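Okay, structure first, notes after.
The values are calculated or read from the model by the stated rules, or taken from the named source; none is laboratory data. Here the structure is a predicted model, which means the values were calculated and not measured. Cβ placement follows ideal geometry from the backbone for every residue including glycine, while neighbour counts extend to all protein chains displayed. Surface accessibility is based on the protein's heavy atoms, side chains included, excluding ligands, DNA and RNA. Shrake-Rupley method; radii C 1.70, N 1.55, O 1.52, S 1.80 Å.
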Amino acid sequence: MKRRSALFCALLVLGALVPATAAAAAPRPMITGLSTHHGAYWGGEQITIHGSGFTDVREVRFGASWAPVLSIASPSSLTVRVPWHDYATVDVRVRTGAGRSRRSAADRFRFGRPSMTSPIMGGWTARQEQRISAQVRAKHHGVRTVPAPHGWTPAVGRTALRRAQSWLGLPYSWAGGNGSGPTRGVCVHNGGDLDCHVIGFDCSGLALYAWSPYRSLAHFAATQKGQAGRFHPAIGQLVPGDLVFFSGSAGSQISHVAVYAGGGLIVEAPESGHAVRTSRLSDLVAYSHYSGATRPLTGGARGRGPAGLTASALPTGGGPVTLHGANLANVTAVAVGSARIYSFAARSAGRLVVNLPAHRAGTATIAVSNPWGTAHVRVGYVAAPHAGRLSPQSGPLAGGTTVTITGRHLAGVTGATVDGHPLTVVVVSDTQARLTMPAHAAGAVAITLQSPFGAADPLTYTYADPAPPTASPSPSPSPSS
């Protein structure tokens, strides 16, 4: 009887624990509705998802497209930004630590064709663009041009810049613009589906308008780079009016052009839903691939790529390197691994000085490019000397002691100092160097080895004359007898 009672009690306890454990587990998320069930395929709008179990949210997807979560108001409500997705009707799914929401009619979202009142790429609607375009065009005034009898001049570049700036605030329109001003664009399925209803500029249309009094340019950014001029300045050499070019990734075709405005700024027509604006060049370099610049009206035949390169060595901490070779006057970029450098301390036909980043001791291959080619050269990174041991560590005040220093990276040592005063050094090997100590007052001094790639940590040497010999005591006289 006791056995049955014990078993019965155990079952009761187990039965009580199972519901408690289930109650403690987080519920699987469920979607009961969306604030809107349709939108333009380019996304960008904010919508609210209603339901339950919205705790520990890991991700939200519209079909296969990931959507950024903007806020979670409560376990029953969260706000997301609709992602880009081609025309389709998809399920919205919420995933938490407890699992993924089940599909239902309540989570359906339709990506459809945009209307004139759809926010374009998260910006204006086409209807707003039409209204803003009309306002900007009504207020626009022309820019007085200066003559260009001998090709490019600073005044010509500034004139081209002012022409681009005169249309700040005008909406973007894909394929819009010509030498006379803004035009209707072309409706194209890349976010510009409504641009044929909008009078404006695209990026290359703005560039060709800016330079139209002086140069006839194609309405295509990739063509404009080689067509506008033969001189291709580095970023550090840009002046107002220069055209700067970008692509989506290294090696891909140029897809964007802007007019340099000075002070690290550019004037650009960015994309549908936005206006001609002033932007920071560094922002574009950060998220797209910089493809160089062109100074319109500059002449000269097609050039040659860099050749015959040699390079000086530099410290592991990085710094200026001098490259010698041929065809360096139009170098536009130097690449070290994934780092790309566009400005130079000095540049001429046979010499280029560029600041390279830090690198471990050894050699690194750098790529040097101009508009017509790329050449590679190996650059040596040399570690600063390391002094580990001094022998002997002391000597007389009169000097003349030969001291041996043992360490690493000593082959490049060019000299030494004793408390800041120069001293000649003899390099025996990469691990050993010798020097002769000069006369000095009594006390400790610091010996520092120097090289073009840095200085070693100092070692201490002590000047001290040996103590005079102690006189032997005189024998005591014998007591007289």
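CYS187 sits with roughly 50 Å² accessible to a 1.4 Å probe, with DNA, RNA and ligands left out of the calculation.
In degrees from 0 to 90, rounded to the nearest 10, what is the angle of the helix 2-24 Cα long axis to the longest principal axis of the chain? Roughly 80 degrees, rounded to the nearest 10.
Across the protein chains, with a 1.4 Å probe defining accessible surface, the residues SER394, SER77 rank SER394, SER77 from largest area downward.
Amide H contacts under 5 Å for LEU78: ILE49, ALA73, restricted to partners 5 or more places along the chain or on a different chain, H placed in the peptide plane at 1.01 Å from N. Taking all protein chains into account, the per residue accessible area for the chain stands at 50 Å² (1.4 Å probe). The sum of -39500 (n - 2.57) across all DSSP H runs of n ≥ 4, divided by the residue count of the chain, sets its helix-only mean residue ellipticity at 222 nm to -4500 deg cm²/dmol. The heavy atoms of TRP174 present about 90 square angstrom of accessible area, all protein chains included, probe 1.4 Å.
So what is the relative contact order for the chain, in percent, with contacts set as C-alpha pairs under 8 Å and at least six apart?
That works out to 8 percent.
Taking 0.36 nm per residue of sequence separation and removing the Cα-Cα distance, the ARG408/SER282 pair yields an extension gain of 41.3 nm. When restricted to Cα atoms, region 262-328 yields an Rg and a Dmax of 18.1, 50 Å, respectively. Amide H contacts of VAL276 (H built 1.01 Å from N, in plane; Pro and chain starts excluded): GLY169, LEU170, TYR172 sit under 5 Å, all sequence-distant by 5 or more or on other chains. To test your reading of the geometry: what angle, between 0 and 90 degrees and rounded to tens, separates the Cα axis of helix 154-165 from the longest principal axis of the chain? For 154-165 against the chain, the angle is about 40 degrees.
Placing a pseudo-label 7 Å from each Cα along the Cα-to-Cβ vector at LYS139 and GLN165 gives an inter-label distance of 1.6 nm. Carbon-plus-sulfur accessible fraction, region 212-364 (probe radius 1.4 Å, protein heavy atoms only): 51%. Counting only protein heavy atoms and using a 1.4 Å probe, the accessible area of ASP242 comes to about 0 Å².
If you average 1/r across every pair of different Cα atoms in region 106-239 and take the reciprocal, what Kirkwood value do you get, in Å?
Across region 106-239, the inverse of the average 1/r is 16.5 Å.
Restricted to Cα atoms, region 172-214 shows a radius of gyration and a Dmax of 10.1, 33 angstrom. Based on Cα contacts under 8 Å between residues 6+ apart, region 343-455 shows a relative contact order of 22 percent. The phi torsions of region 436-452, fed into the Karplus equation with coefficients 6.51, -1.76 and 1.60 and a -60° offset, translate into couplings of 10, 6, x, 5, 6, 5, 5, x, 8, 10, 9, 9, 10, 7, 10, 8, x Hz, rounded to whole numbers, with Gly and Pro shown as x. As a length-normalised measure over Cα pairs under 8 Å and 6 or more apart, the relative contact order of region 244-390 settles at 20 percent. Report the local net charge at ARG95: Lys and Arg +1, Asp and Glu -1, summed over other residues whose C-beta lies under 12 Å from its C-beta. Taking every Cβ under 12 Å from that of ARG95, the sum is +4. Rounded to the nearest Å, what's the spacing between the alpha carbon centres of region 324-368 and region 111-175? Just the number, please. After rounding, the separation between the Cα centres reads 37 Å. In the set [x] 1.26; [y] 1.03; [z] 1.06, the label that goes with Rg/Rh (Cα atoms, Kirkwood Rh) computed for this structure is [x].
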